[in-house]
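Structure, as structure tokens:
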Amino acid sequence: MAVERTLSIIKPDATKRNLTGKINAKFEDAGLRIVAQKRIQLTPEQAGVFYAVHKARPFYGELCEFMASGPVVVQVLEGEGAVAKNREVMGATNPADAAAGTIRAEFAESVGENSVHGSDAPETAAVEIAYFFSGLELVG
Ligand code: CMP
């Protein structure tokens, strides 16, 4: 399997509860390397550009406000099959459906406040990584 990179976001519900280290341990235990990481505060507009694909969904406004409600940690995870592996470690979008031991099963509060985001495909990952990181910030 090819070595890939994927974009991960530790969301405001998780940074608020001081869970960054516990979530990062889940990634590292699964063999994913955190090759870039920074803690930032998004505006609702910046969150809106990131989630533009969901613009027509009824929860879009709520999602943008939530993502701007506190700091987020944006990060690039690297490893074999990193996109799929990260989605496995995160668990299903709705924590009620997430498998035991996954980040969302253990930490997420609701479908909206679900602790983490991960890219859904290598092509999406490239676009999402470029939204937050310059080439100089990706040291491997
Ligand atoms: P994420 O993987 O970041 O991608 C889109 C986000 O929209 C998703 O996680 C959820 O946090 C959010 N989302 C999806 N469905 C709903 C919903 N029904 N209500 C509120 N937020 C949602």
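Brief remarks on what is shown
- Extension reserve of the residue 126-residue 105 stretch, reckoned as 0.36 nm per residue once the Cα distance is removed: 4.9 nm
- Counting only residues at least eight positions apart within a chain, or on another chain, the aspartates and glutamates with an alpha carbon under 15 Å from that of residue 26 are 78, 88, 106.
- Grouping the Cα pair distances of the stretch 61-140 into 5 Å bins from zero gives a pair-distance distribution of 3, 14, 21, 23, 22, 12, 5, 1 percent in increasing distance order.
- Look at where the Cα atoms of the stretch 90-131 and of the stretch 1-37 average out, and the two centres are 10 Å apart.
- Segment residue 93..residue 43, full-extension length gain: 15.7 nm, with 0.36 nm per residue of separation and the alpha-carbon distance subtracted.
- In this structure, residue 16 and residue 80 have a Cβ-Cβ separation that, at R0 = 25 Å, corresponds to a calculated FRET efficiency of about 0.20.
- Accessible surface ranking that places the most exposed of 77, 63, 136 first, with a 1.4 angstrom probe: 136, 63, 77
- Accessible area of residue 60 in the full protein assembly, 1.4 Å probe (Å², nearest 10): 40
The values are calculated or read from the model by the stated rules, or taken from the named source; none is laboratory data. All figures in this text were calculated on a predicted structure; none of them were measured in a lab. Don't worry about glycine lacking a Cβ; one is built from the backbone with ideal geometry, like all the others, and counts go over all protein chains shown. These accessible areas exclude ligands, DNA and RNA; they are computed on the full protein's heavy atoms, side chains included. Shrake-Rupley method; radii C 1.70, N 1.55, O 1.52, S 1.80 Å.
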